[in-house]
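Structure incoming, see below.
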Amino acid sequence: MNRKTALAAAVAAALTLGTAALATSQNVALASAATPSGAGFQAMSTMGRQAALDQAAKDAPAVAKQLGLGPDERLVAKDVLVENDGARHVRYDRTYRGLPVVGGDLVVHRARNGAISSTTWAHDGAIKGVAGVTPKLSAQDASKTAERSAKHVKQARTTNLDTSQLVVWAVGKVPVLAYRNTVTGAGDAGANSREAVLVDAASGAVLDQYEVNPEIGGTGNGVNVGQVALETSQSGSGYTLTDALHGSTVVYDSYNSPQSNPAQNARAFSKSTNSWGNGSTSSRESAAVDASYGLAKTWDFYKNTFNRSGIRNDGRGAPAYVHVDNQLLNAFYDDSCFCMSFGDGSSQNGNIPLTALDVSGHEMSHGVTAATANLNYSGESGGLNEATSDIFGTMVEFYANNAGDPGDYYIGEKLNMGNGYLRRMDNPAADGSSLSCYSSRAGQVDVHYSSGIGNHFFYLAAEGTGAKTIGGLPHNGTPCNGDSFGGIGKDKAAAVWYRALTTYMTSTTTYSSARTATLQAAADLYGANSQERYIVSKAWAAVSLGTALPDPGGSTSSPSPSPSGSPTGNPNPGNALTNGDFEQGATGWTQSANDITNSNQQTPHGGSWYAWMMGYGSAASETLAQNNIAVPAAGSPKLTFWLKVTTQESGPTAYDTLKVNVNGTTLATYSNANASAGYVQKTVDLSAYRGQTVNLQFAGQEDASLSTVFLVDDVSVG
Ligand SMILES: [Zn+2]
């Protein structure tokens, strides 16, 4: 995937090795477990990892069969993480008749004995509904549509460097054949900004679009280059900037090659003495010193904290290019070249090269994300992708413990920006654009703004609420719900995020499912009834995602955190239905298809489970029913539920319908004409059934073309 992801900050200073946190950031002594080393994962040798990958590849056909995938689908082993106890998490990408499936990735969780215990899907189940791999639309027409529809760049055009690739787009319920185009035009990253546009290969509709090298923006000036120790290699009678201790990472001088090909004019740095740079841009080596130092620190952070050996956990270093392009106020990781590019800055920031410590940590972490969850760089998953880079960029800054650039939860604070930073994690909205609290807007804003929700969660989980000075800068944990609590410390919070990222997130993960992933990771690391998991839930609630779990106290026998009560009882007093909010899965319901789901591809009204009915785009019917419902004998009993309808249809004609049947009689009908942006509460009068025991059925029906999705949640009779 040709994805570039960016950020920036300024320049590193004096070297002090060590992993100790700064005293000002140490925090909240919770009397509970230490973090298992490596976030619970074993250190793997290059050969051991290759053997695990080979085994995963060998297992792939059997796994595909066991998971119920179709005959046209293949699993491609991508990554394996092995627990300290031998259990393993195997990440696969998917192809459909040889085409890459966007949103086809999944993680198979295997117990110690090798049995599959569960699967984390980006797209639930088999790829169904793709009518062949022959596009109706020509590649040329798709490119034209991409040029016409591009929102992020002006005068978009395709050049011979850009791509138009046929893929299966499985981010929605019904996968479709699509073209992935890249277009170039004037945008945030200069005259040659690039944007990816996904075009439906049948209808020509634009499915998604996102920038591939977003801006860092801002103004500033000043240069700060300090004395650092470097790992270099001897070459003949001289030296090169090849770091043999860190995957043989080589830093090259790009000699102002274009962003699209930083290697074009590149040369290795080499010289007869082993002394590099002069702390000023008058030496081309100075920026290279920064990059070499920052990438080595980032490597050491992942290795010593998570047992991760390089971006892809294979021991290989990614090459880095400094002096890329001209007047480039940007830095980015590009997975297609497995390389990092650093610009020299522009007059806007006093031509400071973008080679600082937290830039290196941020960009290299984009590589780790690409090698693991591979979060799509648009919508909520794009915000999570950016947040992951800010979180680990910040952790690298703490890890390096560099007196000239102490750890803090500000991003780009050394850039001398107008307001002193690019982003801050304790109070994201302070920059005027970032989101501090989750809302339905999260999927619509720039990924560098929606990252605020994840950054804010991380800060609150690590440090808690209230004012502190960290790294010499003022911080203030500002919860969205007025709560007040202490954090679990940044090391535990980072272990939770890393484990969630590498084990329970996929390309389509949303904020709601990221919450679920971190709660699972915290349960794995510290226990289901741990204070750590409780604080994680409070930190999410403090950014307006979900409600906090019950406080487990010091006890390990606390009640289940499920808000829904006992598995067989009624979840809500006054509700005659069993499991009306679906939080116990299918309990109490009969369904003709697997409609009851906690898939992250749609949003529940409450909790994490809901019923996803229809959405096929072809003739189909489904039912969801519950029998033996005791309608109250007094008052005006009614059925209430929350309904969200999204459709490809248009106009007032009801083509696709959802009926509410009681004892076989249709009491209400909803259709594509009831489409709404969010959930709407529906009420159906049950007075005629007072005191009776009835059967309730939701019955969906779709016509031959254009899909309509009916989401049902929080159903109640009372
Ligand atoms: Zn970034």
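Please treat every number below as a calculation from the coordinates, not as lab data. Note that the structure is a prediction, hence the values are computed from the model and not measured. Positions of Cβ are backbone-derived with ideal geometry, glycine not excepted, and every protein chain shown enters the neighbour counts.
Sorted by packing (mean other beta-carbon atoms within 10 Å per residue), highest first, where do 438-445, 294-301, 240-247 land?
The peptides rank, most packed first, as 294-301, 240-247, 438-445.
Beta carbons within 10 angstrom, averaged per residue: use that to sort the peptides 42-50, 391-399, 419-427, highest first. Display every interim value, and only then the final one.
Numbers: 42-50: 15.3, 391-399: 27.6, 419-427: 21.8.
Put in order of decreasing packing, that is 391-399, 419-427, 42-50.
Would you compute the Debye intensity of region 235-393 from its alpha-carbon atoms alone, equal scatterers and no solvent, and pass along log10 I(q)/I(0) at q = 0.16 Å⁻¹ to two decimals?
Once normalised to I(0) and log-transformed, intensities are -0.88.
Please report how far the C-alpha centroid of region 487-518 lies from that of region 52-69, rounded to the nearest whole angstrom.
25
Can you figure out the FRET efficiency of Asn628 with Arg148, using R₀ = 60 Å and their beta-carbon distance, to the nearest 0.05?
Values: r = 56 Å, r/R0 = 0.93.
With a Förster radius of 60 Å, E is 0.60.
Straight-line reach only, C-alpha to C-alpha below 16 angstrom: list the aspartates and glutamates that Lys58 could link to, leaving out same-chain residues fewer than 8 apart.
Glu73, Asp79, Asp93
A further question on this structure: State the answer as a single residue: which of Gly361, Gly350, Gln444 lies farthest towards the positive end of the charge dipole of region 349-468, with beta carbon charges of +1 for Lys and Arg and -1 for Asp and Glu, about the Cα centre.
With unit charges placed on the Cβ atoms, the residue in question is Gln444.
Which aspartates and glutamates does Lys468 reach when only Cα atoms under 19 Å apart count, and residues fewer than 8 places away in its own chain are ignored?
Excluding near neighbours in sequence, the set is Glu397, Asp405, Asp408, Glu413, Asp426, Asp431, Asp483, Asp491.
Give me the distance between the Cα centres of region 361-396 and region 655-713, rounded to whole Å.
41
Looking at region 301-444, what % of the alpha carbon pairs are farther apart than 26 Å? Spell out each step's value before the answer.
Details: 2627 of 10296 pairs.
Every Cα pair in region 301-444 considered, those over 26 Å come to 26 percent.
Report, in deg cm²/dmol and to the nearest 500, the calculated mean residue ellipticity at 222 nm for the chain, where each DSSP H run with n ≥ 4 adds -39500 (n - 2.57) and the sum is divided by the residue count. Please report the intermediate quantities before stating the final value.
Details: 9 runs with 145 residues, N = 718.
Result for the chain: -6500 deg cm²/dmol, rounded to the nearest 500.
Let me ask something else about it. Over the chain, what number does the Rg to Rh ratio reach, with both radii from the alpha-carbon atoms and Rh per Kirkwood? Let's see the in-between values first.
Working: Rg = 26.5 Å, Rh = 26.9 Å.
Rg/Rh for the chain comes to 0.99.
Taking 32 Å as the cut-off for C-alpha to C-alpha distance, list the pairs among Lys414/Lys490; Lys173/Lys682; Lys303/Lys538; Lys78/Lys271; Lys173/Lys490; Lys128/Lys638 that go past it. The partial results should precede the final answer.
Values: Lys414/Lys490 21 Å; Lys173/Lys682 24 Å; Lys303/Lys538 30 Å; Lys78/Lys271 39 Å; Lys173/Lys490 37 Å; Lys128/Lys638 37 Å.
Table pairs above 32 Å Cα-Cα are Lys78/Lys271; Lys173/Lys490; Lys128/Lys638.
For the pair Leu667 and Ala131, what calculated FRET efficiency results from E = 1/(1 + (r/R0)^6), where r is the Cβ-Cβ distance and R0 = 25 Å, to the nearest 0.05? Could the numbers behind the result be given before it?
Values: r = 36 Å, r/R0 = 1.45.
Efficiency for this residue pair is about 0.10.
Report, in debye and to the nearest 20, how large the dipole of the chain comes out about its Cα centre when Lys and Arg carry +1 and Asp and Glu carry -1 on their Cβ.
Here the size comes out at about 720 debye.
Relative to the longest principal axis of the C-alpha atoms of the chain, give the angle of the C-alpha long axis of helix 139-149, reported between 0 and 90° and rounded to the nearest 10°.
It is inclined by approximately 90 degrees.
Something else: Which lysines, on any chain, are close to Lys136 with Cα under 17 Å apart, when same-chain ones fewer than 8 places away are left out?
Lys144
Neighbouring Cβ atoms within 10 Å as the yardstick, rank Ser676, Ser544 fewest first. Walk me through the intermediate numbers first.
Numbers: Ser676 10, Ser544 18.
Going from least to most buried by this count: Ser676, Ser544.
Let me ask something additional. Treating only the Cβ atoms of Lys and Arg (+1) and Asp and Glu (-1) as charged, compute the dipole magnitude of region 379-480 about its Cα centre; round to the nearest 20 debye. Walk me through the intermediate numbers first.
Details: 5 positive and 11 negative charges, 31 e Å.
In total the dipole reaches around 160 debye.
Another question, then. Of Ala370, Gly317, Asn307, which is farthest towards the positive pole of region 300-378's charge dipole, taken about the Cα centre with +1 and -1 on the beta-carbons of Lys, Arg and Asp, Glu respectively?
Final value for the positive-end residue is Asn307.
Can you tell me the 0 to 90 degree angle between the C-alpha axis of helix 379-400 and the longest principal axis of the chain, rounded to 10?
Computed tilt is about 40 degrees.
Pairing the Cα long axis of helix 46-66 with the longest principal axis of the chain, what angle in degrees results, from 0 to 90 and rounded to the nearest 10?
So the inclination is approximately 20 degrees.
Normalised by the number of residues in the chain, what is the relative contact order in percent for Cα pairs under 8 Å and 6+ residues apart? Before the final figure, lay out the partial values.
On the way: 1816 pairs, mean separation 86.1, N = 718.
After rounding, I find 12 percent.
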